[in-house]
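The values are calculated or read from the model by the stated rules, or taken from the named source; none is laboratory data. This is a predicted model, so every value here is computed, not measured. Neighbour counts run over all protein chains shown; Cβ positions are idealised from the backbone, glycine included.
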Amino acid sequence: MKADFEEITRQLIAFRDERDWAQFHNSKDLALAISVEAAELLELFLWQTPEKADPEKISEELADILAYAFLLAERYHLDIPQIMISKIRANALKYPVNTSKGSARKYNQQGS
């Protein structure tokens, strides 16, 4: 059974609060933690082909990144599904299919 975003956030907050860690979870430190965990994810791919990265370790690092992202979203009262849908829509405007399909160019480099 897949947990929804609110349930995941509730469990993260319960875990945090049981340990009295809210005092350490200010916005700056949550953002830094996301970056640190993202670097740990990148390290799994360092010096090897992507196929050799361990999926279990990728899962662990990605879960850490998402946990801190959920906590940061909660701190700012952001609705995760809503902000993701808004971002997808904004990206659809920046990267229309007719100019972006099959291209890795950034939106401001399209057509050059």
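Of the residues making up the stretch 7-24, not one is out of contact with any helix residue (DSSP H, G or I) (no Cβ under 9 Å at 6 or more places or on another chain) and hydroxyl-bearing (Ser, Thr, Tyr). Checking the stated criteria, residue 57 turns out to be of a type in the set (D, E, K, R) and at pLDDT 95 or above. Scanning the stretch 1-34 for residues that are surrounded by 11 or more Cβ atoms within 10 Å (Cβ to Cβ), under 22 Å from residue 81 (Cα atoms) and of a type in the set (Gly, Ala, Ser) yields a total of 3.
Yes or no, residue by residue, for (1) β-branched (Val, Ile, Thr); (2) more than 29 Å from residue 107 (Cβ to Cβ):
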residue: 40; (1), (2): no, yes
residue: 43; (1), (2): no, yes
residue: 50; (1), (2): no, no
residue: 61; (1), (2): no, no
residue: 65; (1), (2): yes, no
residue: 84; (1), (2): no, no
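Taken over the stretch 56-91, the criterion of being in contact with a Leu (Cβ under 7 Å, 6 or more places away or on another chain) and of a type outside the set (Lys, Arg) is satisfied by 58, 61, 62, 65, 67, 68, 70, 71, 72.
For (1) farther than 26 Å from residue 56 by Cβ; (2) free of Cβ contacts under 8 Å to residues at least 24 places away in the same chain; (3) outside any helix (DSSP H, G or I); (4) not aromatic (Phe, Trp, Tyr), each residue gets a yes or a no:
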| residue | (1), (2), (3), (4) |
| --- | --- |
| 8 | no, no, no, yes |
| 11 | no, yes, no, yes |
| 17 | yes, yes, no, yes |
| 23 | yes, yes, no, yes |
| 29 | yes, yes, no, yes |
| 34 | no, no, no, yes |
| 37 | no, no, no, yes |
| 40 | no, no, no, yes |
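I need the full set of residues from the stretch 55-111 which are in a loop (DSSP other than H, G, I, E, B), under 25 Å from residue 12 (Cα atoms) and touching a helix residue (DSSP H, G or I) at 6+ places or on another chain (Cβ under 9 Å), in order please. The answer is 76, 78, 79.
Here is a yes/no grid of residues against (1) surrounded by 14 or more Cβ atoms within 10 Å (Cβ to Cβ); (2) touching an Asp or Glu at 6+ places or on another chain (Cβ under 9 Å); (3) at pLDDT 95 or above:
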site	(1), (2), (3)
61	yes, yes, yes
69	yes, no, yes
83	no, no, yes
89	no, no, yes
95	yes, no, no
99	no, no, no
105	no, no, no
108	no, no, no
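Pairing residues of the stretch 54-70 that are hydroxyl-bearing (Ser, Thr, Tyr) with residues that are surrounded by 14 or more Cβ atoms within 10 Å (Cβ to Cβ) and outside any loop (DSSP other than H, G, I, E, B), at Cβ distances under 6 Å and at least 6 apart in sequence or on separate chains, gives 68/30; 68/33; 68/34.
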